[in-house]
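Nothing in this text is a laboratory measurement; each read-out follows from the coordinates by a stated rule. Every value quoted in this text rests on a predicted model; they were computed, and no experiment measured them. FYI the Cβ positions are ideal-geometry reconstructions off the backbone, even for glycines, and counts take in every protein chain you see.
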Amino acid sequence: MTQKPTRSIFTADLVRPALRQSFTKLYPGLLIRNPVMFTTAVVALLASVLLLATIARQGDVLFEIQIAFWLWLTVLFGNFAEALAEGRGKAQAEALRSTKAELRGKRLKGSGHQDVAASELRKGDVVLVEMGDLIPADGEVIEGVASVNEAAITGESAPVIREAGGDRSAVTAGTRVISDWAKVRVTVEPGAGFLDRMIALVEGANRAKTPNEIALTVLLTGLTLIFLVAVGTLPAFVAYTGGSIAVPVLVALFVALIPTTISALLSAIGIAGMDRLIRFNVLAKSGRAVEAAGDIDTLLLDKTGTITLGDRQASQFLTLSGIQEGELVEAAWLSSLGDETPEGRSIVALAGRNEDAPENTEVVGFTAQTRVSGLNIGERKVRKGAVDAVLNLREFDPAAVREMKAITDRIARVGGTPLAVTDGTRLLGAIYLKDIVKSGIKERFAELRQMGIRTVMITGDNPLTAAAIAAEAGVDDFLAEATPEDKLRLIRKEQAAGKLVAMCGDGTNDAPALAQSDVGVAMNTGTQAAREAGNMVDLDNNPTKLIEVVGIGKQLLMTRGALTTFSISNDVAKYFAILPAIFVALYPGLDALNVMGLSTPESAILSALIFNAIIIPLLVPLALRGVTYRPQTAARQLIRNLSIYGLGGLIAPFVGIKLIDFAVSGLGLA
Amino acid sequence: MDHLFVILFIVGGTALLSVPLGSYMKWAMDPAPNQADRWTRLFQTISGASEDQDWKRYLVTLLVFNIIMFTLTFAILALQQWLPLNPDARPALDPTLVFNTAASFTTNTNLQHYSGEVSMSYLSQLAGLMWLQFVSAATGIAALTALARGIAGRSGLANFMVDVQRASFLVLLPVAAIVSLLMVLAGMPMTLQGSAMATTLEGATQTIARGPVAAFLAIKQLGTNGGGFFGPNATHPLENPSFWTNALAMIAILLIPMACVWMFGRIVRRIRHAALIFAVMTVFILAKITGSVFFESAPTPAFVELPVSDETGNLEGKELRLGATTGPLWAVLTTATSNGSVGAMHDSLNPLTGLMPLAGMWLNATFGGVGVGMINMFIYIVLAVFVAGMMVGRTPEYLGHKIEAKEVRFAILALFAHAVLILGGTALFAATPLGQATVQDFGAHGFSEILYEFSSAAANNGSGFEGLGDGSGPWNIATGIAMLLGRYLPIILPFAIVGSLVAKRRAAETAGTLGVEDATFGTMLGLTVLIFGALTFLPAAALGPIAEHFSIP
Amino acid sequence: MLDLISGLRVAAATMIICVVGYTALVLGFAQAITPATANGSLIANERGEIVGSQLIAQAFTSPEYFWPRPSAVDFDASGAGGSNLSPANPALTERAVKLIAAHTGATEERPIPADLVTASGAGLDPHISLEGALFQAPRIAAARGVEISAIAAFIRRLAYAPGAFFTEGRIVNVLELNLALDAELAASEASN
């Protein structure tokens, strides 16, 4: 992954506000969003009240004080984890917010314009932006061309061109115009812009729970209820024998058993997952989209720029029979002299002629209508272009045309693109333009295949070319001569088969497909329509990142699953610590269950409770960084996580509680 | 050595038999469009019902039929003194006992707060109780069939009234007929004559109760009903005359619950998945058998100080003709399957042996009751898939169905209900004279008696630590309610889960999908059953059997 | 309402077929093929009087008979049941002490077989273990005035393994044993 270096988690500027918020987050209205931690807080309150009663009675308080202390600490640790996760986004949000506060715009009215605060701009208003201005609101360039620095959003300082019409018309509030001017029609209401969304995202404020998070909360709440029954019935069971259990002890058992560990870390895991995406320069519009990314079965990848390098390279000249190679090379060279595209330059380079251009020439540029380009040297017309376009220029010798078509097919079959070259009335031959498949991409696709993800290459090339490139790049399938409608159809077909589809796109004509796909990553350079339609925006405009986005989605869910497993497995050891401690007075024989050999019943109960509390901050780094993720099959993934977090969750607390017991009894705390 | 042979013979033999029976049950319960047409038409004619039901309609019909079952049996039991087939003139029953017994047999529990040969007329036994042993088991099989159809992705679950007849007539009836004829050949009584009078060699008079035992017994075992014809159930020599009837009975106990797993696999078309579930269940059952046989080979603790041979293990409450292994083996099988018939007195089992049947009822899914055992396992599967699914980095999916908040909520609610019924009931009776006054042995063992009774009722098992004086009104009412809730909640909730699954877009399975056919998932499922199912009950176990074990010197 | 009607129809059908039809089938089969066991494996003496069931234990207290295992219901075959005592219950110890005293002759070196001091599940177990029978042989030999070895040989002839090779120990049916013992002695008296 090309992830930016991980910031250290426990830095002072993050920890200090997080510590403060650990307390402000005790507000019940906030706490209740997490039922398990809310329950823990209620129980801690109960323990505190009982402690006061004991103090009033002047009873022995040492044990009860510690119980209450660790219960509160459990809640605070949970709050701390959440605050710390949020804190990482907060700083970024502050910067964005100050940018937003100073935005002003020149609203066009009649012939003049008036200077207004950005918050007064409504959808449909037109503003003028000039060199040095910050763009006040998201919108579309309707007139003019401007070069814009989007570093405020992307962190990338290279300026980009924004112009009216086409796929490069969208501008974002907070970015700076560094040259020229443009008129921009505002496309969003105040508060609903990209900047606002980004602030909300990085801050994690009012984060809506994702479906999986809700389901997990249900599970954890359900488990809490079950343990409430298991622990709540104990006094009655013990009353049968004529004994009793002190409430603080019951409370300690209850909190030790309920899944506090995962509950405390749950929202931190979610926030950290979003944060990972943001630091990866991808903005997800919702947590739901991140989860969906982990579920992707089919990836639609554009060929150009994703699978192959953006530019094709000329790699060979193929002459028709009866034509000297030198003739073809010269014509190809001449026709490309005026062609400043990378392809044109690669032809010149391949021709290898270190001589100056002839005099008295006129460049004929490429247009979408003719699809040919070339050079006029006096009356001599040298042209190159797409084969069918060149053949349409005039009537050529039928034999030459036939041969040309054969060459074309041959090139297409190996994944190349042929350009036909003519000199006047003669058809000379073809230039073989080769698509360069990115290095390492084949291995990436193999990994994806292992993870059960199918890759489909989308290309405008003809099927023969597409097939050859697909084979070279190792994608599972391809869609050749793809129109936006084809794309949409493919997505629907995959979805009908029960698959989740991800794609990226930038043009307005990609918008329907982006909207239809389960994960649609819009390029930040893309049109407003595309950015609206997708549920993620890639600020770096790098379509390859789709693969990493899938990984981040998976890692988020895996972290949740792993910590849930760990948390629940811990209960076994906690039972073995606390049950004998509670019951040994009734049935001395039950000391046999004290397999850890904990020193005293009080120490056993405290040690379990302490372990239960301090495991939370110990796992914060894991929750924030996510569990190690490797592209591999689900089966191997499960074995790995089950043995680390399941088995580890069984064993770790036995060791941890024993060690804490040493400390607690050694210090004479119980 | 004989232990191993017997266990292999019973468990292994039944496992082998269950495979073809599972295929047959798929044919009978869920025939392909052109299969068994005549039967389907016949059953539609009998019931006058043929509509394709969605899960709600199916459930309503199921409940209506179960209400009919309850009402009819209630009436027969309440009026038995006036009805025919009462050669020994059994008198009227206590109303709370009538309620408890009707609830008990309707819910496939067969908890018996009476002694059959003492209290029941032959009509009550046959038309009331044996009828319910057929139709309550058929209800379970029908429910599983419908559930499996839903999981297979069909939104129409067919018709309950047809399914319940398929289960009664095509599955239970033929198998019961075969088993009962074999039982007759092996020497089991089958008569409508009243008690026999004998003058013993020493001149005393002995009244020997008998009756139509063979017919009753076959369906009692096959349908995981478990209600004995006689009070002491299958320890009674006339209900279990020999080692061979005993072996056959144990096979019958295990057979249909095992076959249900295969039937499920065939309906959802994932036989390897079914095989994995089967394997997980088998591991649990073998672990419990090993434990119970081991603990029961220790001699009776009451005799430590006495010159009593300690070579034969604990024989209190056991029958010599059945062999040394079969007491604890039966105890495990009957509780693993929610059967509840007994081949030895569970109250007199050594403490940790007694923990094994308790654990069986707490989990209630290691084969479990006919139909419902696999349904209970489905709950654990949902939870295992949910946690494991996250661990492979995807929204959890089970056979292409996404497991989300709704499914998790219903699944955890089912486990919660099970815990509340058992622990809540036990707490109420343990802390008050309601239970304290009825235990036979005070101390940890008495607590186990109460715990066992509620576990048995909630798990729809029916066996008991029979030293408990459970014939009182409060016991009849409390366990009656526990049985009803313990029966219908675990049917309603999984149906709701499937109803929600069916409504969703089905996901394709890829290499990135959690596999539900490999050993890793098996491990995960096993751990889920253990942790979600058993951990809740560990404190209770510690105060019951475990405390008793450790307080024996 | 429709459900109720069709439910009642199904109830009627299942009642007729699964209760009446099924019971009649099994009953007819049993009474035709195995009438003796189908009616309770009753044993009649030469006068045709029922002396008991082969499957049901009956009380024996006189010294010349083999005694069965203790019964928690005093051999009441119309209301069977076990002791249901927990295995550590002092009542079990008390009962065992009494039985050990009654059987006489149990020592640490020659412990009494456990089956003779434990009640069976139904209280009607018709069998005792081979060891349990052999343990009683001296008393019977003394009461009947025959050699212990003769009694022992007699027991061994009637002992069998209940589950063939699936079971280790051997057992004997007490009523059969006592009937055979009476018959054998009567025969030997007659021959004298």
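How far is helix C:90-103 tilted, in degrees, relative to the longest principal axis of the Cα atoms in chain C, given as a value from 0 to 90 rounded to the nearest 10? Here the helix axis deviates by roughly 50 degrees. Distances between placed amide hydrogens fall under 5 Å for residue B:159 paired with B:53, all partners being 5 or more residues away or on another chain. Positive contributions from Lys and Arg (+1) and negative ones from Asp and Glu (-1), summed over other residues with Cβ under 12 Å from the Cβ of residue A:145, come out at 0. Between residue B:23 and residue B:193, the distance separating the two model label sites (each 7 Å from Cα on the Cα→Cβ line) works out to 4.5 nm.
Enter the angle in degrees (range 0 to 90, nearest 10) between the Cα long axis of helix B:37-47 and the first principal axis of the Cα atoms of chain B, meaning the one along which they spread out most. For B:37-47 against chain B, the angle is about 70 degrees.
Eigenvalues of the alpha-carbon gyration tensor of the stretch A:373-508, scaled by 5 and square-rooted, set the equivalent ellipsoid semi-axes at 37, 16, 13 angstrom, largest first. Counts of other chain beta carbons within 10 angstrom of each beta carbon in peptide B:41-47 average 3. Summing +1 for each Lys or Arg and -1 for each Asp or Glu among the other residues whose beta-carbon sits under 13 angstrom from that of residue C:6 gives -1. Counts of other chain beta carbons within 10 angstrom of each beta carbon in peptide B:160-167 average 3. Per the Debye calculation on chain A with a single equal scatterer at every Cα and no solvent contribution, log₁₀ I(q)/I(0) for q = 0.05 Å⁻¹ amounts to -0.36. Kirkwood radius, chain C, all distinct C-alpha pairs, inverse of mean reciprocal distance: 19.7 Å.
The loop-placed trypsin sites (Lys or Arg not before Pro) in the stretch A:222-286, going by DSSP, include none that has at most 13 neighbouring Cβ atoms within 10 Å of its Cβ.
Using a simple charge model, +1 on the beta-carbon of Lys and Arg, -1 on the beta-carbon of Asp and Glu, nothing else, what dipole does the protein assembly as shown show about its Cα centre, in debye to the nearest 20?
2400 debye
For chain A, the longest principal axis of the Cα atoms and the long axis of helix A:484-496 meet at an angle of about 30 degrees. Exposed loop sites are taken as GluC sites (Glu not before Pro) in a DSSP loop (any state but H, G, I, E or B) with at most 12 other beta carbon atoms within 10 Å; the longest stretch of chain A without one runs A:103-339. Shielding by partners for peptide A:345-356, expressed as the average number of C-beta atoms from other protein chains within 10 Å of each residue's C-beta, is 0. For chain A, the relative contact order works out to 14 percent when only alpha carbon pairs closer than 8 Å and six or more residues apart are counted. Judged by the mean number of other Cβ atoms found within 10 Å, the most tightly packed of the peptides C:120-128, B:114-122 leads the ranking C:120-128, B:114-122.
Could you give the longest part of chain C that holds none of the GluC sites (Glu not before Pro) found in DSSP loops with at most 15 neighbouring Cβ atoms within 10 Å? Within chain C, the longest run free of exposed GluC sites (Glu not before Pro) spans C:50-107. List the lysines whose Cα sits under 22 Å from the Cα of residue A:303, skipping any in the same chain fewer than 8 residues away. Of all the lysines, those that pass the test against residue A:303 - Cα under 22 Å, at least 8 places apart if same chain - are A:434, A:438, A:442, A:487, A:493, A:499, A:545. The dipole here belongs to chain B: it is taken about the Cα centre, uses +1 on the Cβ of Lys and Arg and -1 on the Cβ of Asp and Glu, and is about 2300 debye. Computed on the stretch A:273-318, the Cα convex hull volume stands at 108 Å³ per residue.
Between amide H atoms placed 1.01 Å from N, distances below 5 Å from residue A:302 occur with A:458, A:504, all of them 5 or more places distant or on a separate chain. For the stretch B:389-439 versus the stretch A:291-332, the inter-centroid distance based on Cα atoms is 60 Å. Which of A:421, C:16, B:335 sits closest to the plus end of the dipole of the protein assembly as shown, meaning its Cα is farthest towards the positive end, when Lys and Arg get +1 and Asp and Glu get -1 on the C-beta? Working it through, the farthest residue towards the positive pole turns out to be A:421. The charge dipole of the stretch A:443-597, taken about its Cα centre with unit charges on the Cβ of Lys, Arg, Asp and Glu (plus for the first two, minus for the last two), comes to roughly 540 debye. Stokes-Einstein diffusion for the protein assembly as shown at 37 °C, viscosity 0.692 mPa s, with a Kirkwood radius from C-alpha pairs, works out to 90 µm²/s.
Each residue of the stretch A:588-600 was assigned a 3J(HN,Hα) from its phi angle through the Karplus curve 6.51 cos²θ - 1.76 cosθ + 1.60 (θ = phi - 60°); the sequence is x, x, 5, 4, 4, 7, 6, 5, 7, x, 5, 5, 9 Hz, with glycine and proline shown as x.
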